[in-house]
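The next block holds one structure in the form of structure tokens; read it before the comments.
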Amino acid sequence: MTAFEPLPSVAGGPAGSWPNRFAGLGGDFFTELPARGLPYPHWVATSPACAALLGWPADWANDAALQVLSGNAVWPGMRPLASVYSGHQFGVWAGQLGDGRALLLGEVDTPAGPQELQLKGAGLTPYSRMGDGRAVLRSSIREFLCSEAMHALGIPSTRALAITGSALPVRRETMETAAVVTRVAPSFIRFGHFEHFAHHGLHEPLGRLAEFFIAQYAPECLDAPLPVAALLEKVVRQTAELVAQWQAVGFCHGVMNTDNMSMLGLTIDYGPFGFLDGFDPGHVCNHSDHQGRYAYARQPNVAFWNLHALAQALLPLLPGEGEGAGEPLLAALEVYRSAFPAALMRRLRAKLGLLAEREEDQALSDDLLRLLAAHRIDFTIAFRRLSAISTDPAQDGTNEALRDLFLDREAFDAWAGRYRARLAAEQSRDAERQARMRATNPAVVLRNHLAEGAIRQAQAGDFGEVTRLLKVLQRPFDEPVSAADADFPPDWAQHLEVSCSS
């Protein structure tokens, strides 16, 4: 790569000194370099909720901020850097990867703890491989909206502060325009950071990374007999909870490579993601995933596979050698086998409005999902309508909106009879249960056609729909003002495709 001049520093800024704990790990972990900014940038959208997380004032998005978040300048104290990592992509070792289009700017101290800011799409880095280091407006809008939507759903996620855009042309399948997303998270460290050093036999920096991560993000592991094994168990539990939340809301990640798995249990790297419309356990949201490795129903097992890869990377840090050396890590991995189904069942009970735990709940929820799959019934709408179901025989007419979704009415009626009996067994009160269910089963998720509508308007120069949709997605459990936001997808949405270039 060609050397670049340091970026100009602009005065002020909404934060202080921009500390960077990750940079303290040393040069084995990153390359320090300036961004390659966007020419003549403009604001596309900002997230007031994310800015509030950072403790920034309402008027933070000024001209200086536009230049900084477009990669044209820095605030004093920022040290842009790209980190190196490796990983398995579609189950195959991919070798060295790294931040090919992302730059870490530094940290903001907030009441919730330090938050890192990262630019995505700010130009070439030493880890760009054959890429151009850019992000396009289309994929940037999708990541921005989904990052904030997932947070509003209560699902751990990286956040998105802003999108800036430019007329700079970028080629993907067609010619598009460039954009930069500002992402926010306590840490962007991934499974792949550990895999990188383990694969190359670099055990000293591997140990340094583990010590750093435990000290900064998992200090409770320090007092364990084997802190590395305790760390793995923590990551196993966090990942199990995260994937259970994905499954419960019908979210498909689309590219669950080990380099896209967060050590903090966050949803990270929104590329070819999607939310289920008609319920299909075999749904593959990534048009590039020709083998269906990351299909919706396979996500829990893929997460377990990825955790095995992380355990293998941590193995050199355990004392001793030989066949039994890895037993503590295997024991930590085994936690997933019970933690994931328990986490998923908790969420399914909540979606069904059940308070008590009963043995028949598993069959009740499984049978409903089978009915949804058999009829390809809309996942989000079905559970939202279930939230209004009444157990009062005099109110049976209010249940027709749900019943009408099913072609096999008798099969649904049989299931609904079991469900009502289950509610009666715990003396469920309709009004209280319905309120709980409406706070669990969203009315609105970021369906592909909603994102596509915002993208098409933005590509025509109108960013109003991005801002409007953001406001709707930040209140997903409320009935939206526009009924179309919560309605069935239009016919043309069946032909939308997202791929790894998205």
*Have a look at the range 276-350 and give its Rg and Dmax from the Cα atoms, expressed in angstrom.*
16.4, 51
*Return the aspartates and glutamates within reach of Lys351: Cα separation strictly under 12 angstrom, same-chain partners fewer than 8 residues apart disregarded; answer none if there are no such residues.*
Asp361
_Backbone HN-Hα couplings from phi across the range 352-357 [Karplus 6.51/-1.76/1.60, Hz, Gly and Pro as x]_ = 8, x, 8, 9, 7, 9
*Under Karplus coefficients 6.51, -1.76 and 1.60, residue-wise ³J(HN,Hα) of the range 445-450 in Hz, glycine/proline x*: 10, 7, 5, 4, 6, 5
*Counting only residues 5 or more places away or on other chains, whose amide H sits under 5 Å from the amide H of Thr125 once H atoms are built in the peptide plane?*
none
_Mean Cβ count within 10 Å, highest first, over the residues of peptides 289-299, 483-493, 352-362_ = 289-299, 352-362, 483-493
*Quick one: work out the % antiparallel among DSSP beta bridges in the chain, nearest 5.*
95
_What aspartates and glutamates does Lys234 reach when the alpha-carbon gap must be under 14 Å and sequence neighbours fewer than 8 apart in one chain are set aside?_
Glu220, Asp223, Glu334
*In vacuum, with every alpha carbon of the range 354-438 counted as one equal point scatterer, what does the Debye formula give for log10 I(q)/I(0) at q = 0.16, 0.20 Å⁻¹? Two decimals, please.*
-0.60, -0.99
_For the ranges 156-169, 7-20, what's the packing order if you count other beta-carbon atoms within 10 Å of each residue, average per peptide, and put the highest first?_
156-169, 7-20
*Given H placed on each backbone N at 1.01 Å, which residues far from Ala179 in sequence or on other chains put an amide H within less than 5 Å of it?*
Ala135, Val136, Leu137
*In nm², what is the average projected area of the convex hull enclosing the Cα atoms of the range 409-502?*
9.2
*To the nearest Å, what is the center-to-center distance of the range 170-242 and the range 335-413, using C-alpha atoms only?*
36
*Over its Cα atoms, what ratio of radius of gyration to 2.2 N^0.38 Å does the range 22-191 give?*
1.00
*Given 0.36 nm per residue, what is the gain on full extension from Trp43 to Gln216 after removing their alpha carbon distance, in nm?*
58.9 nm
*asked:* In Å, what Kirkwood hydrodynamic radius results for the chain from the alpha-carbon pair distances?
replied: 24.0
_Helix 137-152 vs. the chain, principal-axis angle (Cα, 0 to 90°, nearest 10)_ = 60
*Relative to the first principal axis of the alpha-carbon coordinates of the chain, what is the inclination of helix 464-473, with its axis defined by its Cα atoms, in degrees from 0 to 90 and to the nearest 10?*
60
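Read-outs: derived from the displayed coordinates by stated rules, not from any lab. Please read these numbers as outputs of a predicted model, since none were measured by experiment. Here the Cβ is made from the backbone with ideal geometry for all residues, glycine too, and neighbour counts use every protein chain on show.
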